[in-house]
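Participant: Sharing a structure here in structure tokens format.
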Ligand SMILES: *Cc1c(COP(=O)(O)O)cnc(C)c1O
């Protein structure tokens, strides 16, 4: 059989609906709880933060939710994205496995994140919202939302984790170019920020702190809402355009995946590629292994506890049933910034608890080795986050070689690494270290939790 190494779809093949896995998962997620009353929250509790359409999507059990024309119009700038067969990497590894990757780095912001940023900006605009607030760690989410807000004419205030603000000036300039205001977090603009600065004037910040600041700003201003780049059900659902396209592209090759792999921060790019395929497991008796890869220095899926916890550090968000390391957990400053979050979303956590997906934690040096191999073979220099997925792909491809099995592996190359060259520089200079967490580092924040257990 012969087929192109690059598998492209026509514009008309772009998905018309988001796929909502809540319609098909065997056990539904537990409800989010009000942080004060500890009772399940209703739509009115979320209304200060999100437009009504996104609140509806958050709890919807409809299998398909139509993608608005205005959103598809902006997707057309870079969607459908290409699927590649990594033939050079296969040769380099001398593996009988077939390796495919979906490349989301072709978006203007360089990652999968615009898939939800565009949708969120649109739904806010449609409900008359003038301004959004958000947080960003490594800067990828902030730049994706800046781009999307510019498309729909909405103002944006981005709270950027202070250490990244200082170390990644170009990400900040990107956001400014698209018109966003970028504030180093913790800041003096919010009570949450001032509270943290009082305890530690030199705080390097964390994603959880930046979320507290962005949420507080939205909750206390009338025409302003908040936008989150991962974790929540509606965010994961917007990413399913990735997997739906990949299904069509793989059909063109005649192959079907045995294993699907994606890096894991809050779950959005993993959900994007895996959820549409999980339907085959749930409904057609297929047995695709879906593997989420997290950094060993922030191992909520493999070492966290399944219980209710806050999405932010200060404790302003609803309580979400999730695998968590505790909302005050501050991970070591590894170079895959986008993977440094203390928890996972409700859907992912339920699927993992039910053993319908798998998780592994990898050390960063192995991940950078894998990323460099990939770049040499395939050309594209991956985002450090994506390197986690690639390292697991290489493990599985080598295992297939040992066992002499012809596995088909699909992974999400969720972004390019061209703004992360300083991370590669540190790797080449030998400045990266693997970080083995002590039990104390791992569990001290969990032990402090007073939130309810999740049954
Ligand atoms: C943000 C980001 C991640 C981590 O977030 P998820 O929601 O888990 O996808 C991973 N890779 C890239 C390139 C990112 O920008």
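The values are calculated or read from the model by the stated rules, or taken from the named source; none is laboratory data. Since the structure is predicted, the reported quantities are computational estimates derived from the model, not experimental observations. FYI the Cβ positions are ideal-geometry reconstructions off the backbone, even for glycines, and counts take in every protein chain you see.
Participant: Residues in the range 365-387: is at least one at pLDDT 90 or above, more than 15 Å from the ligand (Cβ to nearest atom) and under 17 Å from the mean Cα position of the chain (by Cα)?
Facilitator: No: zero hits.
The rows are residues; the columns are (1) under 30 Å from residue 406 (Cα atoms); (2) surrounded by fewer than 23 Cβ atoms within 10 Å (Cβ to Cβ).
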site: 74; (1), (2): no, yes
site: 98; (1), (2): yes, yes
site: 110; (1), (2): no, no
site: 113; (1), (2): no, no
site: 120; (1), (2): no, no
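Participant: Select, from 80, 108, the only residue that is out of contact with any strand residue (DSSP E or B) (no Cβ under 8 Å at 6 or more places or on another chain), away from the ligand (no atom under 15 Å from the Cβ) and part of a loop (DSSP other than H, G, I, E, B).
Facilitator: On inspection, the qualifying residue turns out to be 80.
Participant: Moving to a separate point now. Only residues that are more than 15 Å from the ligand (Cβ to nearest atom) and touching a strand residue (DSSP E or B) at 6+ places or on another chain (Cβ under 9 Å): list them for the range 133-162, please.
Facilitator: Correct list: 133, 149, 150, 154, 155, 156, 157, 159, 162.
Participant: Which residues, counting only those in the range 218-235, are under 18 Å from residue 192 (Cα atoms) and out of contact with any strand residue (DSSP E or B) (no Cβ under 9 Å at 6 or more places or on another chain)?
Facilitator: 220
Participant: Which one of 65, 99, 118 is in contact (Cβ under 8 Å) with a residue 24 or more places away in the chain and within 30 Å of residue 27 (Cβ to Cβ)?
Facilitator: After ruling out the rest, the residue left standing is 65.
Participant: Restricting to the range 423-453, give me the number of residues that are closer than 20 Å to residue 265 by Cβ and away from the ligand (no atom under 16 Å from the Cβ).
Facilitator: 10
Participant: Just to verify a result, which residue in the range 331-340, among those that are touching a helix residue (DSSP H, G or I) at 6+ places or on another chain (Cβ under 7 Å) and at pLDDT below 85, is nearest to the ligand (Cβ to nearest atom)?
Facilitator: 338
Participant: Against the definition (surrounded by fewer than 21 Cβ atoms within 10 Å (Cβ to Cβ), closer than 25 Å to residue 279 by Cβ and either without any contact (Cβ under 8 Å) to a residue 12 or more places away in the chain or away from the ligand (no atom under 16 Å from the Cβ) (or both)), how does residue 43 come out, yes or no?
Facilitator: no
Participant: Being buried (at least 22 other Cβ atoms within 10 Å of the Cβ), in contact (Cβ under 8 Å) with a residue 24 or more places away in the chain and over 15 Å from the mean Cα position of the chain (by Cα) is the requirement here; does residue 291 meet it?
Facilitator: Considered against the rule, which asks whether it is buried (at least 22 other Cβ atoms within 10 Å of the Cβ), in contact (Cβ under 8 Å) with a residue 24 or more places away in the chain and over 15 Å from the mean Cα position of the chain (by Cα), residue 291 comes out as no.
Participant: Tally the residues that are surrounded by fewer than 24 Cβ atoms within 10 Å (Cβ to Cβ), under 21 Å from residue 441 (Cβ atoms) and within 14 Å of the ligand (Cβ to nearest atom), restricting the search to the range 341-360.
Facilitator: Final tally of qualifying residues: 1.
Participant: Scan the range 193-206 for residues that are part of a helix (DSSP H, G or I) and touching a helix residue (DSSP H, G or I) at 6+ places or on another chain (Cβ under 9 Å) and jot them down.
Facilitator: Matches in the range 193-206: 193, 195, 196.
Participant: Going by the structure shown, is residue 49 more than 16 Å from the ligand (Cβ to nearest atom), outside the structural domain of residue 254 (by TED's automatic domain parsing) and part of a strand (DSSP E or B)?
Facilitator: The answer is no for residue 49.
Participant: For residue 57, which of the numbered conditions (1) surrounded by fewer than 19 Cβ atoms within 10 Å (Cβ to Cβ); (2) touching a residue at least 60 places away in the same chain (Cβ under 8 Å); (3) not assigned by TED's automatic domain parsing to the domain that holds residue 384 fails to hold?
Facilitator: Looking at each condition in turn, residue 57 falls short on (1).
Participant: Of all residues in the range 396-432, which are part of a loop (DSSP other than H, G, I, E, B) and more than 30 Å from residue 273 (Cα to Cα)?
Facilitator: Scanning the range 396-432 gives 429, 430, 431.
Participant: Tell me, please, whether a residue that is without any contact (Cβ under 8 Å) to a residue 40 or more places away in the chain and in contact with a strand residue (DSSP E or B) (Cβ under 9 Å, 6 or more places away or on another chain) can be found in the range 308-320.
Facilitator: No; the residues of the range 308-320 include none that is without any contact (Cβ under 8 Å) to a residue 40 or more places away in the chain and in contact with a strand residue (DSSP E or B) (Cβ under 9 Å, 6 or more places away or on another chain).
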